[in-house]
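Student: Provided herewith is a single structure, encoded as structure tokens, for subsequent inquiry.
The values are calculated or read from the model by the stated rules, or taken from the named source; none is laboratory data. If you're wondering where the values come from, they're calculated on a predicted model, not measured in any experiment. Here the Cβ positions follow ideal geometry from the backbone for every residue, glycine too, while neighbour counts run over all protein chains shown. We work out accessible area using only protein heavy atoms, side chains counted, and drop any ligands, DNA or RNA first. Shrake-Rupley method; radii C 1.70, N 1.55, O 1.52, S 1.80 Å.
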Amino acid sequence: MNFPVLSAITFTPMVAALIILMMPSHRRNETRAVALASATFALLLSLWVYFSYDQSLGGYQFVEKYNWLPALGISLHFGVDGMSAPLVLLTGVVMFTGVLISWGDEDPHVKAGIQDRPREFFAFLFLLAGGVFGVFVSLDLFMLFFFYEIAVFPMYLLIAIWGWVVTREYAAMKLTLYLFVGSVVSLVGVLVMYWTQYKNTGILSFDMLVMENAGFSQALQIAWFLPVFLGFAVLGGIWPFHNWSPDGHVAAPTAVSMFHAGVLMKLGAFAALRVGIMLLPEGAKYWSWLIMTFAGIAVVYGAYIAFVQTDMKYMIGFSSVSHMGLVMLGLSTLNRDGLTGAGVQMFSHGVMTALFFAVTGMIYDRAHTRMIPELGGMMKIMPFAGVGFIIGGLVSMGMPGFSGFVAEFPIFMGVWQKQWLVAVIASISIVITAAYIMTNIRKVFFAELPEKLHGHVGDITVLDKIAIVTLCILMIGLGLFPGLMVPMVQTGVENILRLLGGA
Amino acid sequence: MFTSTTFLSILPEVLILVLAVLIFIVEPFWKAEGRRNVGWLTAGGLLAAIIVSLLFGQPGEPTATFGGMIRFDWLGFFFKLLFMFAGAATALLFMDNEKIGQRGEAYLLLLASLLGMDLMAVSADLVMLYLAIETTSIPLYVLSGFMLADKKSTEAGFKYLLFGALASAFMLYGFSLVFGFAGTTNLYQLVEMFKAESLPLTTAFGVLALILVGLGFKVSIVPFHFWAPDVYEGAPTPVSGFLSTASKAAGFAVLVRLFFVAFPEFAASWTLTLAILSAITMTVGNLLTLQQTNIKRLLAYSSVAHAGYAMIGVVALSQLGVTSVIFYLAAYILTNLLAFGVVMAFSRVTGVDEIRDFSGLSRRNPWLALMMLAAFLSLAGMPPFGGFVAKVFVFTAGVQAGYVWLVFVGIINSIIGVYYYLNVMKFVYLYRMPNEDEENHPVPLTRPYLITLTVLALGVILIGTVFAPWFGWSDAAALTLF
């Protein structure tokens, strides 16, 4: 297999961004068509990677390595394992659906999607997507940071320019600063690891596969695990540092919210796992109780705050904090069940929350409000969106037959083995989640349509429907056939357990 | 005595001189309205000089020429190429600036100062060094005050002259003391003569402090930065761009050579002082940048902060450290020239340079806005632009030397930087002109701007993505010091 598929995936969006920038700004539909075409291409590539990943072999596959700066041991080293392959697929899916729902409707009464400067919007969005792909496939720490930052800064522009007028400037700056602080703190930790490795082994390399054998002392691991792990986990929305996330979700335009909650937060959790847990396993064991505490608080607290929100987007934003808390909880168990659950939950939550934000965006574009008390009767107007939201809700509650169950059940099993009390407390969140999702569905979709909304709220477009169907198929498919993903994630988990010393 | 190496060691300077003479002869024959074309000639000549130097003038083993006055090595050579590139870009940016573009002497002064910079990079003797620094500075004083009718410009020129004269007097006094103690002015012999054991540490400290005042002024580190904002704001914008990039880099070229070649024994005891200076420079520079409302002053203060980041590499006191400084300077020269170029292109059309005047730029000229985005993100240290890689290298060197606290200071400062750079981009991309009719207020680019800005923007991206060759050159340059 000589085709460099991972580079192709990573650089397709970036090249597309350049092409889109070159197009004249008034050719709006052509711009969108190019965006959709390249998103489809990236989706097909990621599907191909996912399905041709050989589960029986495990380990890193589709490996490409180009020496970029041998003097410092920087290389362009790409590869996916069972942990990252689902996330690459997730990015492809969210990118594809994000473009679909951003196409929108030029009708001035509807004004859905992105109508202001779509050229710049898609260019920045694709730069972001390229960065995200890059992080998921990079096996070199320098390149990981490189792509990580590329994924962060377009967020600022996307939110500040196309976001919700009321909070966009504040939210965009807050988000960027939070994420930048987190990533540079991790960077210092990584540089310390880099030089310690040189002292221990005489090898100068940012390659993570090399660094696994650097023989970091326990003291170093314990000292630097928290900065490195938490620095990345900020982007994963871990509890005391989650504050940027709901604000960011709310202020962002729909497609960016999808990206943000669906993919970017996974970026944080994934990098925290890759760099924090896999390279500093002793530190991870030492601090796992703290991470578990943080995550446990996030799960319950996030759900509870979501319950009292009246703004749909804030509700989903805090539910993301809660669900990402589950991912962190799974990571903190450091055992087979918990890690597997975390891996699947990253995918499941990504699809689910992308769907939630997509539907919320569709409602807001047409009803011009997101306040739950002001909405109602959407089921009659946009049945497709309604059904989609209900399926997403069932996933969110962890209903069997949907992907949420496949993900959350192993997480709770893993936590139980470690500390049953945390599992009991965290499971409260399921009840609260069910409560706020059901309330929301009843009010927004089934209650009487308010007077104010009579007449001027229309159905969603065909492209929106395609996006919803795509996302729903994934959630139900994974729920009915867990075998499509769980064994794959398990091969990745085996590798992590090996680094943890078979714990 | 006069061998081909001797000639080759000053080949770029000779070419610059030839170019200057050529301009001197040709310029009076040009009609007044076509006189801006001298810019094409200057830039083209400098590019030709770069190519010729690269083809014939590459240094081999480091050698001393002109009786030890000049050191012919990669460190000097790489900096020379950078300066000439910056000079070429500046000449192009001069062209459509109404106040200076039509005047042939501006280009001559630019070349004269460039000549001085090239010599600064290769001087191996205190006397030569002082001459080179003055050759660089005096034309720059004139250029800063070039717009005689403009009060701010005159003030800038005068202020720069006064501060510059003061700082250079300090430095000269330091040099004379060094000569008094060591009995030689040659940098490479000072190592032998200026021994730690033969000299009380406090005396040596005092002498080096005097020299540091002069160099600190050139690279504008705190507390010798006071001139920078006023001069940058008042001087013609292309001159500010040149001052903040090439002139600063020249100061760094001297700084690393002086500390690593002439005073290596003291360098080790100096690092803590330099580290503290670096931390203060970054912090003060950034905190003062936060409250600026004028884009040129913002860039001026931020350039103070950038001197602080680059100092981390000097503090690291290692080959990687020097490599990272040189890399940082290369990236910074491209980036800051781009930033000043964009500001120039904008205020040439609009006549204003407050940050809020940039509102709606992304609708008035999307390409200019994109280039500004590239420049500012690179300054903020974001990939895929040069600033990111440069910063990571400097931090890497800092951590290697065990200065984790300094790197943390650098990081906190980068975050402040991200804040104010993005704040400017908010005006460019988010805010609109008061009456929202950007369509009727385009910001057209003339050809020299288009060429320069495009080349610089591509350069900023190139240095940030394909960084191996740049690193290789910087490393070759740093190697000559160890």
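Student: Taking the alpha-carbon centroid of each part, what is the distance from region A:1-61 to region A:181-210 in angstrom?
Tutor: When both Cα centres are located, 31 Å separates them.
Student: So, with a 1.4 angstrom probe, what is the percent of accessible area on region B:263-482 that is carbon and sulfur?
Tutor: C and S atoms contribute 64 percent here.
Student: Now, a different point. Please sort by residue number the chymotrypsin sites (Phe, Trp or Tyr not before Pro) in region B:25-100 whose DSSP state is loop and whose Cβ has at most 16 other Cβ atoms within 10 Å.
Tutor: B:W30
Student: What lysines could a cross-link reach from A:K266, if we take a straight Cα to Cα line under 23 Å and drop same-chain neighbours fewer than 8 places away?
Tutor: A:K174, A:K285, A:K313
Student: Taking the Cα centre as origin and putting +1 on Lys and Arg beta-carbons and -1 on Asp and Glu beta-carbons, what dipole magnitude results for the protein assembly as shown, to the nearest 20 debye?
Tutor: Here the protein assembly as shown has a charge dipole of around 620 debye.
Student: Please give the residues from region A:64-83 for which the solvent-accessible area of heavy atoms, probe 1.4 Å, is smaller by at least 50 Å² with all protein chains in place than with the chain isolated.
Tutor: Buried by 50 Å² or more upon assembly, which counts only protein chains, are A:W68, A:L69, A:L72.
Student: List the trypsin sites (Lys or Arg not before Pro) within region B:1-87 that fall in a DSSP loop (any state other than H, G, I, E or B) and whose Cβ has at most 11 other Cβ atoms within 10 Å.
Tutor: Loop-located and lightly packed - B:K31.
Student: As I understand it, the dipole of region A:21-119 uses +1 on the Cβ of Lys and Arg and -1 on the Cβ of Asp and Glu, about the Cα centre. Which of A:F96, A:G79, A:T31 lies farthest toward its positive end?
Tutor: Sorting the options by dipole projection puts first A:T31.
Student: Binning every alpha carbon pair distance of region B:1-261 at 5 Å from zero, what are the percents per bin?
Tutor: 1, 6, 13, 17, 17, 16, 13, 9, 5, 2, 1, 0, 0
Student: Accessible area drop of at least 20 Å² (1.4 Å probe, protein heavy atoms): which residues of region B:431-480 qualify, relative to the chain alone?
Tutor: In region B:431-480, residues shielded by partner chains: B:Y431, B:T465, B:F467, B:A468, B:F471.
Student: Please work out the C-alpha center-to-center distance from region B:289-357 to region B:201-239 and express it in whole Å.
Tutor: Here the two parts' Cα centres lie 16 Å apart.
Student: For a distance above 16 Å, tell me the whole-number percent of Cα pairs in region A:173-218 that qualify.
Tutor: Roughly 44 percent, once rounded to a whole number.
Student: May I ask you to give the percent of accessible area on region A:5-499 that is carbon plus sulfur, with a probe radius of 1.4 Å?
Tutor: Ligands and nucleic acids excluded, carbon and sulfur reach 68 percent.
Student: Same structure again: In 5 Å bins starting at zero, report the fraction of Cα pairs in region B:40-126 per bin as a rounded %.
Tutor: Reading the bins upward from 0: 3, 14, 22, 22, 16, 11, 7, 4, 1, 0.
Student: Relative contact order for chain A using alpha-carbon pairs under 8 Å, separation at least 6, rounded to a whole percent?
Tutor: 16 percent
Student: Given points 7 Å out from each Cα along the Cα-Cβ axis, report the B:I451 to A:E30 separation in nanometres with one decimal.
Tutor: 2.9 nm
Student: Could you give the spread of the C-alpha atoms of region A:257-296 along their three principal axes, from largest to smallest, in whole angstroms?
Tutor: Sorted from largest, the Cα extents of region A:257-296 read 35, 23, 6 Å.
Student: How long, wide and thick is the protein assembly as shown, going by the Cα atoms along their three principal axes, in whole angstroms, largest first?
Tutor: Here the spans come out as 91, 64, 48 Å, largest first.
Student: Starting from the Cα of A:K452, draw a straight line to each of the lysines and keep only those under 19 Å, dropping any in the same chain fewer than 8 residues away.
Tutor: Partners found: A:K111, A:K380, A:K443.
Student: Let me ask something else. Within chain A, which DSSP H helices have Cα atoms that stretch 15 Å or more along the helix axis and a mean Kyte-Doolittle hydropathy of at least 1.0?
Tutor: A:5-22, A:84-103, A:118-137, A:141-162, A:218-233, A:383-397, A:420-440, A:462-480
Student: For chain B, which span is the longest to avoid every loop-located (per DSSP) member of GluC sites (Glu not before Pro) having at most 10 other Cβ atoms inside 10 Å?
Tutor: Counting at most 10 other Cβ atoms within 10 Å as exposed, the longest clean stretch of chain B is B:198-435.
Student: I'd like the mean, over residues of A:187-198, of how many other protein chain beta carbons sit within 10 Å of each residue's own Cβ.
Tutor: 4
Student: Something else now. Counting every Cα pair in region A:297-371, what percent are over 15 Å apart?
Tutor: Percent of Cα pairs beyond 15 Å in region A:297-371: 58.
Student: Leaving out ligands and nucleic acids, note down the accessible area per residue over the protein assembly as shown with a 1.4 angstrom probe, in whole Å².
Tutor: Accessible surface, normalised per residue, equals 32 Å².
Student: Tell me the total accessible area that B and A bury against each other, 1.4 angstrom probe, in square angstrom rounded to 100.
Tutor: For B against A, buried area totals roughly 3600 Å².
Student: For region A:188-262, state the average projected area of the convex hull of the C-alpha atoms over all orientations, rounded to one decimal in nm².
Tutor: Orientation-averaged projected area of the Cα hull: 6.4 nm².
Student: A further question follows. In Å³ and rounded to a whole number, note down the convex hull volume per residue for the Cα atoms of region B:284-327.
Tutor: For region B:284-327, the hull spanned by Cα atoms encloses 53 Å³ per residue.
Student: Could you tell me the convex hull volume per residue, in Å³, taken over the Cα atoms of region B:1-155?
Tutor: Dividing the Cα hull volume of region B:1-155 by its residues yields 106 Å³.
Student: A drop of at least 10 square angstrom in accessible area, chain alone versus all protein chains together, probe 1.4 Å. Which residues of region A:155-180 meet that?
Tutor: Buried by the other chains: A:Y156, A:L157, A:A160, A:I161, A:R168, A:E169, A:M173, A:T176, A:L177, A:F180.
Student: Here is a follow-up. How high is the relative contact order of region B:263-482? Use alpha-carbon pairs under 8 Å, at least six apart in sequence, and give a whole percent.
Tutor: Once normalised by length, the contact order is 29 percent.
Student: Check the straight Cα-Cα distances from B:K218 and name the aspartates and glutamates below 12 Å, setting aside those fewer than 8 residues away within the same chain.
Tutor: B:E134
Student: For region A:5-499, what does the equivalent ellipsoid look like in terms of its semi-axes, each the square root of 5 times an eigenvalue of the Cα gyration tensor, given largest first in whole Å?
Tutor: 35, 26, 19
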